[in-house]
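The values are calculated or read from the model by the stated rules, or taken from the named source; none is laboratory data. What you are looking at is a predicted structure, and each value in this text was computed from that prediction instead of being measured. Counting neighbours? That spans all protein chains shown, and the Cβs are built from the backbone with ideal geometry, glycine included. The protein model used for the area step is the full one, side chains on, heavy atoms only, and it has no ligands, DNA or RNA in it. Shrake-Rupley method; radii C 1.70, N 1.55, O 1.52, S 1.80 Å.
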Amino acid sequence: MKTENKEQLLSGIKRLKEEKNAIILAHYYQTGDIQDIADFVGDSLALSQKAVVNNADIILFAGVKFMAETAKILAPEKKVLLPDLNAGCSLADSCKAEDFKKFISENSGRTVVTYVNTTAEIKALSDIICTSSNAIQIIESLPKDEKIIFAPDKNLGNYVQNKTGRDMIIWNGTCHVHHEFSLEAILNLKKENPAARIIVHPECELPVRLVADFIGSTSSLLQYTKKDNSTCYIVGTEVGIIHQMQKENPGKIFIPAPPLDSTCGCSECSFMKMITLEKILNCLENEDPEIFIDNEILVKAKMPILRMMDISDKLGL
Ligand code: 13P
Ligand code: SF4
């Protein structure tokens, strides 16, 4: 994009934000330009918390649909905009409400713990929600003998089950980005950069998690790079997070872990990257596309999210 075009877009977005008392909440997987114009950048948990605590009339969500829906569920009085309604999530898509209802009835008597990467319908069927920042603590908040259904990410579920030793039946879903990382390519990178630390998201497959020096949510990975004294990292999550890592750690080197089909040498979430500066400008201008959720689903979905937020607040997460 030409610099003058980009400057026009950025000044248009800033003007509309002020005129309309709007804020932009952006996930770490957005492009650097979008992260830099956002009022707040964070992981799924922090973005949900921020959706509640702000004085804006309009929240423009620079992220994917389940995140914007979570903001709408938590702040239904606000107008929540998503610049492209097709910005979905392969993990959320892997868990359809009809199939999930059947799964719950086939495993009745279990507490349903659902990852935030799900549709509002799935949240409405759940007892408690978690994010990758608090999944272990949410599971540990349940009585030790409680039998659990965990959905939809099998890798996060497996990671949490190993950490907590709880009785969990896990839905077989994956994220297209984290599922695709190549162990072989990561190990080759490590050979070329022996001092590098391998840091990965818990949505990665077990073999990748086993070679990691650190596993955590996007915000935990970022925190780790700030506290750790290494100077080079192989990063096993969506490449957008590297923008913040570089900003917070000038001088350190961040190498994106490559996917199996390594035509670009990095891993991008195609849904996250549907959001662009142009679409943000148009969306703010027209106040469309907007997120609408059926009221009955919204009310049902809110309870398990509030339960999660209550536990997170008490634990200072
Ligand atoms: P975080 O909550 O760690 O930011 O994860 C969101 C996500 O979509 C991971 O793929
Ligand atoms: Fe969904 Fe994966 Fe994209 Fe995260 S990275 S939004 S889990 S598809």
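Residues of the range 268-292 that are under 23 Å from Thr131 (Cβ atoms), in a loop (DSSP other than H, G, I, E, B), of a type in the set (A, V, I, L, M, F, W, C) and open to solvent by 30 Å² or more (accessible area, probe 1.4 Å): Phe271 alone. Once the range 255-267 is narrowed to residues that are of a type in the set (A, V, I, L, M) and at pLDDT 90 or above, the residue that is least open to solvent (accessible area, probe 1.4 Å) is Ala257.
Matching residues to (1) closer than 13 Å to Met272 by Cα; (2) in contact with an Asp or Glu (Cβ under 7 Å, 6 or more places away or on another chain); (3) within 16 Å of ligand 1 (Cβ to nearest atom):
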{"residue": "Lys65", "(1), (2), (3)": "yes, no, yes"}
{"residue": "Ala68", "(1), (2), (3)": "yes, no, yes"}
{"residue": "Ala71", "(1), (2), (3)": "no, no, yes"}
{"residue": "Lys102", "(1), (2), (3)": "no, no, no"}
{"residue": "Ser105", "(1), (2), (3)": "no, no, no"}
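Looking at this structure, is Ala195 of a type in the set (Gly, Ala, Ser) and either within 16 Å of ligand 1 (Cβ to nearest atom) or out of contact with any strand residue (DSSP E or B) (no Cβ under 9 Å at 6 or more places or on another chain) (or both)? Considered against the rule, which asks whether it is of a type in the set (Gly, Ala, Ser) and either within 16 Å of ligand 1 (Cβ to nearest atom) or out of contact with any strand residue (DSSP E or B) (no Cβ under 9 Å at 6 or more places or on another chain) (or both), Ala195 comes out as no. The set of residues in the range 1-27 being open to solvent by less than 20 Å² (accessible area, probe 1.4 Å) and either under 14 Å from the mean Cα position of the chain (by Cα) or over 12 Å from Ile280 (Cβ atoms) (or both) consists of Leu25, Ala26, His27.
Take the residues of the range 29-64 that are assigned to a helix (DSSP H, G or I) and of a type in the set (A, V, I, L, M, F, W, C): which is most open to solvent (accessible area, probe 1.4 Å)? It comes out as Val52. Checking each residue in the range 216-240 for being buried (at least 19 other Cβ atoms within 10 Å of the Cβ) and assigned to a loop (DSSP other than H, G, I, E, B) picks out Gly216, Ser217, Thr237, Glu238, Val239, Gly240. Of a type outside the set (Lys, Arg) and touching a strand residue (DSSP E or B) at 6+ places or on another chain (Cβ under 7 Å), is that true of Ile59? Answer is yes for this residue. Here Leu16 passes the criteria (1) in a helix (DSSP H, G or I); (2) within 12 Å of ligand 2 (Cβ to nearest atom); (3) hydrophobic (A, V, I, L, M, F, W, C); (4) in contact with a strand residue (DSSP E or B) (Cβ under 9 Å, 6 or more places away or on another chain) except the one numbered (2).
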